[in-house]
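Just dropping this structure here.
The values are calculated or read from the model by the stated rules, or taken from the named source; none is laboratory data. Since we're looking at a predicted model, the values are computed, not measured. All Cβ positions, even for glycine, are placed from backbone atoms using ideal geometry, and neighbour counts span all protein chains on display.
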Amino acid sequence: MSLASSARRTVRPGLRGGRVGLLGGVVLAAAVSIAGPEPARAIGMTPFGPGGAGGTTHAQSLEIGPGGVVFELDAFLHVGGTATQLSQAGATVSGLGFQFAATLSADATDLTLSYSFSNDTAATIDNVSFVSFLDAEIDEPLNTFFNEFATIRGTLAAGQNFEIDEPGFAFGNIFANAAANALDGTNALPPGSPDDVAMALQFSIGTLGVGETAIVEVMISEDGDSLGSFAIDHEDGDPASTTRISYSGAVRLSSPPDPVPAIPEPGAALSFGLGLCVLARALRRPRRTRSS
Ligand SMILES: [Ca+2]
Ligand SMILES: [Ca+2]
Ligand SMILES: [Ca+2]
Ligand SMILES: [Ca+2]
C-alpha cells in the first residue's frame, strides 16, 4: 500500500526568521493576560477518524491545554518489513485484528490512545513493530508553528525508540523514518534550535503468538503525566505560551485478547463547536505538500 502524505502548508508565512510575528504575539498575549484570567487547561476532542487518525489534517479536532492544536496524528504498523499507515487501514492490518480507542482521564488532562492488534490466525506472526506519529502546534495564531522545541526525559524501554524533528515539509526526516520503522533516536529541535516540532515513538512488539494481542498505549498529556519510562515534552519558545504537550507510551501483550473500551463520545454541542474550529482552521491554513 502506498503511504499517504498530507497536503499542508505549501508555503510558510513570511515571518520565518523575522521578529514581527513573534513580537506581535507577545504583545497580544500580554494584552490577553491583563484582560482576563488564565485560560482553562484541558484536552478537548471530536471523534477520531479511521485507524485513530487525528488532527486538522484528518478533519478531527484535538486541542491540548490552552494553546495546543494537533495538526496530524497517525500511526504505522510494521509486520515483516511491510508498513501499514493506520489512517489508511481497515479492521485488519497485515492479518491482525485491529481496534482503536481513545480515553480521557476524569480531569481531561491526559488522553490515552489504545491500539490493539490481535493474532486471530492459526500461525505466529513475527517481526511486529508499531510507530506513533504526532505533529502538534502551540499558539500558532500568536507566534507561528515553527518557534517550538522539545526535550526528552527518562529512559527508553527495551525495544523502544523515538524521534523529534521537523515533520517533513521543510527538512525533517521523521515522517519518512516513521513509515520505514527506522526512527533515528535524535532530537533535531532541542531548546535553542526551534522549528515545527513533530514527535514519534517506536515500539518493537516482536512475535505475536496465536490468540495473542498486543496493546500499544500512547499518552498525550497537558500536565506532564506519562506512560512508561520515557517521555517527550513539546513546548513553545514564546514565554507567553504556557502549553506543554507530553507524549509517551508503552506496549504490553495479553492472551487471550483484551477487550477494548468504547470510544467516548463528546457531547453534541462540544462536537459541533470543535467541528467549527476545525473548519475555521482548515480554511485559514495555507496548504503545502510533504516531499516524499
Ligand atoms: Ca494528568
Ligand atoms: Ca508556536
Ligand atoms: Ca531526524
Ligand atoms: Ca508541529
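Would you point out the residue of segment 124-139, among those that are away from ligand 3 (no atom under 16 Å from the Cβ) and of a type in the set (S, T, N, Q), that is farthest from Glu63 (Cα to Cα)? Full working, then the answer.
Taking segment 124-139 as the starting set, the residues that turn out to be away from ligand 3 (no atom under 16 Å from the Cβ) are 124-130, 136-139.
Those left that are additionally of a type in the set (S, T, N, Q): 124, 127, 129.
Working: Thr124: 39, Asn127: 34, Ser129: 28 Å.
Among residues in segment 124-139 that are away from ligand 3 (no atom under 16 Å from the Cβ) and of a type in the set (S, T, N, Q), the one farthest from Glu63 (Cα to Cα) is Thr124.
May I ask you to say which residue of Val79, Val93, Val131 is at pLDDT below 95 and within 27 Å of Ser255 (Cα to Cα)? It would help to see each step written out before you state the result.
Details: Val79 fails: at pLDDT below 95; Val131 fails: at pLDDT below 95.
Result: Val93 is the single residue among Val79, Val93, Val131 that is at pLDDT below 95 and within 27 Å of Ser255 (Cα to Cα).
Just to be sure, is Asp165 within 11 Å of ligand 4 (Cβ to nearest atom), crowded, with 22+ Cβ neighbours inside 10 Å and touching a residue at least 40 places away in the same chain (Cβ under 8 Å)? Please lay out each step first, then the result.
Values: within 11 Å of ligand 4 (Cβ to nearest atom): yes; crowded, with 22+ Cβ neighbours inside 10 Å: yes; touching a residue at least 40 places away in the same chain (Cβ under 8 Å): no.
Answer is no for this residue.
Among the candidates Ala101, Ala176, Ala198, Ala108, which residue alone is in contact (Cβ under 8 Å) with a residue 40 or more places away in the chain, surrounded by fewer than 19 Cβ atoms within 10 Å (Cβ to Cβ) and either away from ligand 1 (no atom under 16 Å from the Cβ) or over 29 Å from Ala240 (Cα atoms) (or both)?
Details: Ala101 fails: surrounded by fewer than 19 Cβ atoms within 10 Å (Cβ to Cβ); Ala198 fails: surrounded by fewer than 19 Cβ atoms within 10 Å (Cβ to Cβ); Ala108 fails: either away from ligand 1 (no atom under 16 Å from the Cβ) or over 29 Å from Ala240 (Cα atoms) (or both).
Sole residue among the options that is in contact (Cβ under 8 Å) with a residue 40 or more places away in the chain, surrounded by fewer than 19 Cβ atoms within 10 Å (Cβ to Cβ) and either away from ligand 1 (no atom under 16 Å from the Cβ) or over 29 Å from Ala240 (Cα atoms) (or both): Ala176.
Output the residues belonging to segment 199-243 that are over 15 Å from the mean Cα position of the chain (by Cα), under 18 Å from Asp139 (Cβ atoms) and either among the hydrophobic types (A, V, I, L, M, F, W, C) or within 16 Å of ligand 3 (Cβ to nearest atom) (or both).
Ala240
Against the condition within 16 Å of ligand 2 (Cβ to nearest atom), assigned to a strand (DSSP E or B) and more than 16 Å from Ile215 (Cβ to Cβ), how does Leu142 come out, does it pass? Reasoning before the result, please.
On the way: within 16 Å of ligand 2 (Cβ to nearest atom): yes; assigned to a strand (DSSP E or B): no; more than 16 Å from Ile215 (Cβ to Cβ): yes.
It is false that Leu142 is within 16 Å of ligand 2 (Cβ to nearest atom), assigned to a strand (DSSP E or B) and more than 16 Å from Ile215 (Cβ to Cβ).
A further question follows. Does Phe117 satisfy the criteria of being in a strand (DSSP E or B) and either surrounded by 19 or more Cβ atoms within 10 Å (Cβ to Cβ) or not hydrophobic (A, V, I, L, M, F, W, C) (or both)?
On the way: in a strand (DSSP E or B): yes; either surrounded by 19 or more Cβ atoms within 10 Å (Cβ to Cβ) or not hydrophobic (A, V, I, L, M, F, W, C) (or both): yes.
Spelling it out, Phe117 is indeed in a strand (DSSP E or B) and either surrounded by 19 or more Cβ atoms within 10 Å (Cβ to Cβ) or not hydrophobic (A, V, I, L, M, F, W, C) (or both).
Then there is this: In segment 161-188, how many are in contact with a Lys or Arg (Cβ under 8 Å, 6 or more places away or on another chain), within 16 Å of ligand 2 (Cβ to nearest atom) and either among the aliphatic types (A, V, I, L, M) or closer than 14 Å to Ala75 by Cβ (or both)?
Just the residues of segment 161-188 that are in contact with a Lys or Arg (Cβ under 8 Å, 6 or more places away or on another chain), to begin with: 167-170, 175.
With the extra rule that they be within 16 Å of ligand 2 (Cβ to nearest atom), the set shrinks to 167, 169-170.
When the remaining residues are screened for being either among the aliphatic types (A, V, I, L, M) or closer than 14 Å to Ala75 by Cβ (or both), the result is 170.
The total comes to 1.
Are there any pairs with C-beta distances below 8 angstrom linking a residue in segment 228-239 that is assigned to a strand (DSSP E or B) to a residue that is within 16 Å of ligand 3 (Cβ to nearest atom) and of a type in the set (Gly, Ala, Ser), with the two at least 6 apart or on different chains, and if so which?
That search, which allows pairs on different chains as well, returns Ile232/Ala150; Asp233/Ala150; His234/Ala150; Glu235/Ala150.
Looking at the structure I just gave you, is Ala214 surrounded by 19 or more Cβ atoms within 10 Å (Cβ to Cβ), in a strand (DSSP E or B) and either within 16 Å of ligand 2 (Cβ to nearest atom) or modelled with pLDDT of 95 or more (or both)?
yes
Answer yes or no: is there a residue in segment 108-115 that is within 16 Å of ligand 4 (Cβ to nearest atom) and among the aromatic types (Phe, Trp, Tyr). Step through it out loud before you land on a result.
The initial filter retains those residues of segment 108-115 that are within 16 Å of ligand 4 (Cβ to nearest atom), namely none.
No, because not a single residue in segment 108-115 is within 16 Å of ligand 4 (Cβ to nearest atom) and among the aromatic types (Phe, Trp, Tyr).
Which one of Thr186, Thr151 is surrounded by fewer than 24 Cβ atoms within 10 Å (Cβ to Cβ) and more than 13 Å from ligand 3 (Cβ to nearest atom)? First the steps, then the outcome.
On the way: Thr186 fails: more than 13 Å from ligand 3 (Cβ to nearest atom).
None of the others qualify; the one that does is Thr151.
For every residue, the table says whether it meets (1) assigned to a loop (DSSP other than H, G, I, E, B); (2) in contact with a helix residue (DSSP H, G or I) (Cβ under 6 Å, 6 or more places away or on another chain).
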{"position": "Glu163", "(1), (2)": "no, yes"}
{"position": "Ala170", "(1), (2)": "yes, no"}
{"position": "Ala176", "(1), (2)": "no, no"}
{"position": "Ala182", "(1), (2)": "yes, no"}
{"position": "Pro190", "(1), (2)": "yes, no"}
{"position": "Ser193", "(1), (2)": "yes, no"}
{"position": "Met199", "(1), (2)": "no, no"}
{"position": "Gln202", "(1), (2)": "no, no"}
{"position": "Gly206", "(1), (2)": "no, no"}
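Could you tell me whether Ala157 is in a loop (DSSP other than H, G, I, E, B), in contact with a Gly (Cβ under 7 Å, 6 or more places away or on another chain), of a type in the set (A, V, I, L, M, F, W, C) and over 28 Å from Met45 (Cα atoms)?
Working: in a loop (DSSP other than H, G, I, E, B): yes; in contact with a Gly (Cβ under 7 Å, 6 or more places away or on another chain): yes; of a type in the set (A, V, I, L, M, F, W, C): yes; over 28 Å from Met45 (Cα atoms): yes.
Against the criterion (in a loop (DSSP other than H, G, I, E, B), in contact with a Gly (Cβ under 7 Å, 6 or more places away or on another chain), of a type in the set (A, V, I, L, M, F, W, C) and over 28 Å from Met45 (Cα atoms)), Ala157 qualifies.
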